[in-house]
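The values are calculated or read from the model by the stated rules, or taken from the named source; none is laboratory data. Please read these numbers as outputs of a predicted model, since none were measured by experiment. Note that we place each Cβ from the backbone using ideal geometry, even for glycine, and neighbour counts take in every protein chain shown. The area values use the complete protein model at the heavy-atom level, side chains included, leaving out ligands, DNA and RNA. Shrake-Rupley method; radii C 1.70, N 1.55, O 1.52, S 1.80 Å.
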Amino acid sequence: MLSENQIIEILILQKLITQPELKEYERKAKETNIGALEYLKQNKVLNENQIYQAIADKHSIPFTDLKDKKIRKDILMLIPEAIAQAHKIIAFDKDEKDLHIATLNPKDIELFDFLKKKTNLDVKIFITTPSSFSEALKSYHLGLQVEFGNIKKEQETGQPDPDNKDLKELAQDLPIIRIVDTLLEYAIFEGASDIHIEPEEKEVDARYRIDGILRNVMTLPKSVHAGIVARIKILSNLKLDEHRLPQDGRFKIQTNEYNVSFRVSIIPTFEGEKVVMRLLNEKGQLLTIEQLGFLPTVLATIKRNISKPHGMILVTGPTGSGKTTTLYTFLNVLNTPKVNITTIEDPIEYRMAHVNQSQVNPKIGYTFAAGLRAFLRQDPNIIMVGEIRDPETAEIAVHAAMTGHLVLSTLHTNDAITTLPRLCDMGIPSFLIANTTNIIIAQRLVRKICPKCIYSYTLDKKGVDELDKIINLKELVKTLEREKIISLEKQSLDKLLFYRGKGCKACNQEGFKGRIGIYEALEITPEISSLLVKKASNEELKIVAKKQSMISILEDGFIKAKNGVTTVEEILRVTKE
């Protein structure tokens, strides 16, 4: 494979960047703890196609983008999936004389010669991009229905009978192993965040949560349920013979392509044990603050507050709203050799170089509060606490922020302002909250419209009236005008363009692909501090925050809907209380 240095040398030779520009990009990349090549892509200096087109030009090889190409199965299977994965090579077309191959490594001459002998065709090499190659690899997957059909056909003795086998033997049944492996592999492949295995009276439902929405992926016969649960228990090192109590465990799957950790939760239900597995991709790339989706004014406020030497930065929202990702992104910016960063988490979701990460273990008394108390003896500059769950943790976190540490943490509240009374309810004096809190960010995750099938529509008069019943349109319009998103001097509200996705192959007919955050950021200014000390109500705090131009989650969502990032329906779905 071409190294980053080799690719950058090619970019300079092809005059896409100059040596002085490279030095500046490397300096900026170092500040954000990413490689120079990644910096070029993230900041749109060059896109992937431009980079790999330059590599193709350098080697006098044609370039191809496989993203919209339909690859025939007989051509694809000329190269087995294992070889395609290992050598970053894929067959995508052929005629009577030539086999067309896309690769990321134009120097793999031995393999090209082998393919020529094996197929009796001249091998024509094309360069493609990593994302295009990953997309093409999906063609190897048959789909869960076909995969499970094949597993059933392979069962010569019929379904395993849980009454005639003990659980350990059942868990080692080849078809059971194949079912579990396939469920896990496809969840990784589909980008699922959770797998649900739910027993019904006569069958077992398998569901994936993808982009925040649960989808049915497979219905299995009830006879395989005991074997599937036993297999997952063995992987997670849980008790096989315990069926009456909840159990928690974890296991990991590592390959060259991915490194995924599974958090397993098993609970007893009326129809049998229900399993939920949370997927954590440990190879997942950290985002930059810009990629999180903050509006420019909010981004400036956040950057100003995370650069402060002490105080608290709190991120709030429901489970699965991306709070931890936001905190890790902030930590990635703060992570320099000049500071000592320590985290206590449950669990550790991403591994970060040069950060001292610690995981809670309540069984031995190592809680958030106990860990946080110990950290203060470790000479930290920055502390991240996975979650403030109890008064003791809240008290230690506030005192750490008071004594010159920068503390980052999360809470479960619906919006930024209700975080303040929540801390008061935990017994923290209001004057301490006012003096230690820098900024509170509330967030949700919304699905992004698929860029391949996006279309615009007009919000008609009836739509405007329906919307007015749900939200305060007058306030919303004022914010949209202030942020220069709309100008009602030129157009009326019922003539505004919004966007949706039709549904296509790229997004599995959903109309959505990927997710982005919607936010509200409450900066604790002197005015807000003064109100806190006076124990002002939530309504009074909201009025002052509005005067200071705070954009609510709903307003941020509508700005993104107006800009074609997401839909109005999606915003209402995640913000309704």
Original post:
What number goes with the only condition from (1) part of a helix (DSSP H, G or I); (2) touching a helix residue (DSSP H, G or I) at 6+ places or on another chain (Cβ under 8 Å); (3) aromatic (Phe, Trp, Tyr) that residue 92 does not pass?
Top reply: (1)
Subject >> Scope the stretch 318-363; condition among the aliphatic types (A, V, I, L, M) and either over 30 Å from residue 247 (Cβ atoms) or open to solvent by 40 Å² or more (accessible area, probe 1.4 Å) (or both); matching residues >> reply: 331, 333, 334, 339, 341, 353, 355
**OP:** Please tell me if residue 471 is surrounded by 15 or more Cβ atoms within 10 Å (Cβ to Cβ) and modelled with pLDDT under 90.
**Re:** yes
**OP:** With the checklist (1) surrounded by 17 or more Cβ atoms within 10 Å (Cβ to Cβ); (2) farther than 30 Å from residue 308 by Cα in hand, flag the one item residue 559 doesn't pass.
**Re:** (2)
**OP:** Return the total of residues in the stretch 211-243 being open to solvent by 40 Å² or more (accessible area, probe 1.4 Å), assigned to a helix (DSSP H, G or I) and in contact with a Phe, Trp or Tyr (Cβ under 8 Å, 6 or more places away or on another chain).
**Re:** 1
**OP:** Scan the stretch 268-293 residue by residue and report those that are of a type in the set (Gly, Ala, Ser) and without any contact (Cβ under 8 Å) to a residue 60 or more places away in the chain.
**Re:** none
Original post:
Somewhere in the stretch 294-303, is a residue in contact with a helix residue (DSSP H, G or I) (Cβ under 9 Å, 6 or more places away or on another chain), over 30 Å from residue 228 (Cα atoms), surrounded by fewer than 17 Cβ atoms within 10 Å (Cβ to Cβ) and without any contact (Cβ under 8 Å) to a residue 40 or more places away in the chain?
Top reply: yes
**OP:** Filter the stretch 183-210 for residues that are open to solvent by 20 Å² or more (accessible area, probe 1.4 Å) and either at pLDDT below 90 or among the basic types (Lys, Arg) (or both) and give the result.
**Re:** 185, 188, 189, 190, 191, 202, 207, 209
Original post:
From the list 301, 297, 319, 326, which residue is more than 17 Å from residue 520 (Cβ to Cβ) and either touching a Pro at 6+ places or on another chain (Cβ under 6 Å) or among the polar types (S, T, N, Q) (or both)?
Top reply: 319
Original post:
Of all the residues that make up the stretch 270-284, how many are assigned to a strand (DSSP E or B), more than 16 Å from residue 351 (Cα to Cα) and open to solvent by 60 Å² or more (accessible area, probe 1.4 Å)?
Top reply: 1
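Residue by residue, here is whether (1) of a type outside the set (A, V, I, L, M); (2) closer than 17 Å to residue 127 by Cβ; (3) touching a strand residue (DSSP E or B) at 6+ places or on another chain (Cβ under 7 Å) holds:
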| residue | (1), (2), (3) |
| --- | --- |
| 58 | yes, yes, no |
| 63 | yes, yes, yes |
| 69 | yes, yes, yes |
| 75 | no, no, yes |
| 81 | yes, no, no |
| 86 | no, no, no |
| 91 | no, yes, yes |
| 97 | yes, no, yes |
**OP:** Please enumerate the residues belonging to the stretch 198-225 that are under 20 Å from residue 319 (Cα atoms) and out of contact with any Ser or Thr (no Cβ under 7 Å at 6 or more places or on another chain).
**Re:** 207, 208, 210, 211, 212, 213, 214, 215
Original post:
In the stretch 535-556, which residues are touching a residue at least 60 places away in the same chain (Cβ under 8 Å), surrounded by fewer than 16 Cβ atoms within 10 Å (Cβ to Cβ) and either in contact with an Asp or Glu (Cβ under 7 Å, 6 or more places away or on another chain) or in a loop (DSSP other than H, G, I, E, B) (or both)?
Top reply: 535, 549
**OP:** Please indicate, with yes or no, whether at least one residue in the stretch 512-528 is over 26 Å from residue 311 (Cα atoms), more than 31 Å from the chain's Cα centre (by Cα) and part of a helix (DSSP H, G or I).
**Re:** no
Original post:
Based on what the data block shows, is residue 479 in contact with a helix residue (DSSP H, G or I) (Cβ under 8 Å, 6 or more places away or on another chain) and within 30 Å of residue 537 (Cα to Cα)?
Top reply: yes
Original post:
Does the stretch 528-551 contain any residue that is among the charged types (D, E, K, R), under 21 Å from residue 442 (Cα atoms) and in contact with a strand residue (DSSP E or B) (Cβ under 9 Å, 6 or more places away or on another chain)?
Top reply: no
Original post:
Are there any strands (runs of 3 or more DSSP E) wholly within the stretch 419-505 with 3 or more residues that are closer than 30 Å to residue 395 by Cβ, and if so which?
Top reply: 437-449
Original post:
Does residue 315 satisfy the condition of being open to solvent by less than 20 Å² (accessible area, probe 1.4 Å), under 20 Å from the mean Cα position of the chain (by Cα) and in contact (Cβ under 8 Å) with a residue 24 or more places away in the chain?
Top reply: yes
**OP:** Please enumerate the residues belonging to the stretch 388-418 that are touching a Phe, Trp or Tyr at 6+ places or on another chain (Cβ under 7 Å) and assigned to a loop (DSSP other than H, G, I, E, B).
**Re:** 389
Original post:
Is it true that some residue in the stretch 404-421 is free of Cβ contacts under 8 Å to residues at least 24 places away in the same chain and surrounded by fewer than 24 Cβ atoms within 10 Å (Cβ to Cβ)?
Top reply: no
Original post:
Which of the residues that make up the stretch 95-125 are of a type in the set (Ser, Thr, Tyr) and part of a helix (DSSP H, G or I)?
Top reply: 119
**OP:** May I ask you to verify whether residue 449 is open to solvent by 60 Å² or more (accessible area, probe 1.4 Å), at pLDDT 90 or above, under 23 Å from residue 291 (Cα atoms) and not hydroxyl-bearing (Ser, Thr, Tyr)?
**Re:** no
